[in-house]
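One structure below.
Derivation of every value follows stated rules applied to the coordinates shown; laboratory data play no part. Just so it is clear, the structure is predicted and the values come from calculations on it, not from any experiment. Every residue, glycine among them, receives a Cβ derived from its backbone with ideal geometry; neighbour counts consider all protein chains shown.
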């Protein structure tokens with residue numbers, strides 16, 4: 001999604017639409033790497049307005065994905081929703097110093113050059129930030145049995161898991177004498 005800069009005024013411009021994930025290379029790469037599967041196109045809702053010497057973009061990106069739980073390895077579906085605000089400034093107005101102290105506004109600002117502002121990189125970044133690092137199907141997920149690999153959410157498997165079976169279990173009774 002992109003907008004022509006001359007269309008932006010002090011009155012808010014509302015943009016909405018759906019775009020296929022295939023239009024976003026970073027999201028396609030995440031899907032091809034097997035981290036998630038996008039089940040729906042991206043739903044984009046943006047409000048764009050001119051504010052002082054920059055353009056303020058308040059946005060919402062939503063989609064549905066399929067992830068594999070890191071505990072039980074079962075696939076599950078969830079919604080990803082990102083709300084954000086970015087201030088776009090003309091690239092020539094941005095400081096070019098080597099060392100710059102960043103303000104809070106600098107952390108949510110981006111340069112644009114030319115007659116259009118392209119939101120592709122911001123949309124990709126917001127969706128990628130919403131994909132969980134360690135996806136969980138639910139907080140109470142019991143995982144899989146370390147002995148037989150059965151899904152413990154479906155019920156007990158009958159294996160004796162009383163011993164920890166960890167590599168450091170030999171150190172269980174280790175004491176240090178001074």
To test your reading of the geometry: what angle, between 0 and 90 degrees and rounded to tens, separates the Cα axis of helix 120-130 from the longest principal axis of the chain? 30
Over the stretch 22-74, what relative contact order in percent results from Cα pairs under 8 Å that are six or more residues apart? 34
Considering the chain as a Gaussian network with a 10 Å cut-off on Cα pairs, which listed residue, 44, 73, 27, attains the greatest mean-square fluctuation? 73
What ranking of 37, 175 emerges when the number of other C-beta atoms within 10 Å of each C-beta is taken as an exposure proxy, fewest first? 175, 37
What list do you get for 39, 15 if you sort them by fewest beta carbons within 10 Å? 39, 15
Pulled fully out, how much extra length does the chain show between residue 142 and residue 156, if you take 0.36 nm times their separation in residues and subtract their Cα-Cα distance? 4.0 nm
Go ahead and set up a Gaussian network model of the chain, Cα springs under 10 Å, then flag whichever of 79, 151, 160 fluctuates most. 160
